[in-house]
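Laboratory data are not the source of any read-out in this text; all were calculated from the coordinates shown. This is a predicted model, so every value here is computed, not measured. Neighbour counts run over all protein chains shown; Cβ positions are idealised from the backbone, glycine included.
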Amino acid sequence: MTIGQIAAMIAALAFAILVVFLSMTLIKIGDILTNLKETVSKLNNTIDVVTKDVDHLSIEVEGLLNKSNTLVDDLNGKLGKTDPLFTAIGDVGTSVSELNDSTKEMTSNFVSNMLKKNKKKSPIDSIQKASRMVNRLKVKPQVKKSETMAKVPVKQENRSLDSFIQGKPSKTAGEISINLKEAK
């Protein structure tokens, strides 16, 4: 065997190894292409099913949107009917506010007029005077002569406003004070 024959043998052996590796690679590529073909077929079937489901869902969503639009239109109509109610409530609030302002002004005018009439007397003095007058007008019970009753002396308590003001305030009720300077 000559060198040329040995070189030809090595080349033939290398070509044989190359052919074996190429054939193995081609077999693997064939298997991959077969699997890819099956996957594409399954994907097409799945896409068909999903397309049908999406079509069905779009029909359902369209019906739901139509019902929602009808409901929103109905709700807007009913809310529009309540607008006069809220306008009336706002007018009542304004009227109450004006009434409060008028009452405050009337009270302020009343107190200032009372102070002008009674420059030396405060409203509390007027109330005390009225209380004293009421105490003087109390009617004493009369006993008929035909009745036989022993007269029992009744202790008259001084119930005038003076004694009430000088007494201690109740622990269960709050105190009320009138500041005449602020009332002007």
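For this structure, a couple of remarks:
- Separation between Cα centres of the stretch 24-85 and the stretch 1-22, rounded to whole Å: 62 Å
- Count of lysine pairs in the stretch 1-86 with Cα separation under 25 Å (8 or more residues apart, or interchain): 7
- Pairwise FRET efficiency - Leu43 versus Ile10, Cβ, R0 = 41 Å, nearest 0.05: 0.25
- Potential extension, Thr87-Ser112 segment - 0.36 nm per residue separation minus Cα distance: 5.3 nm
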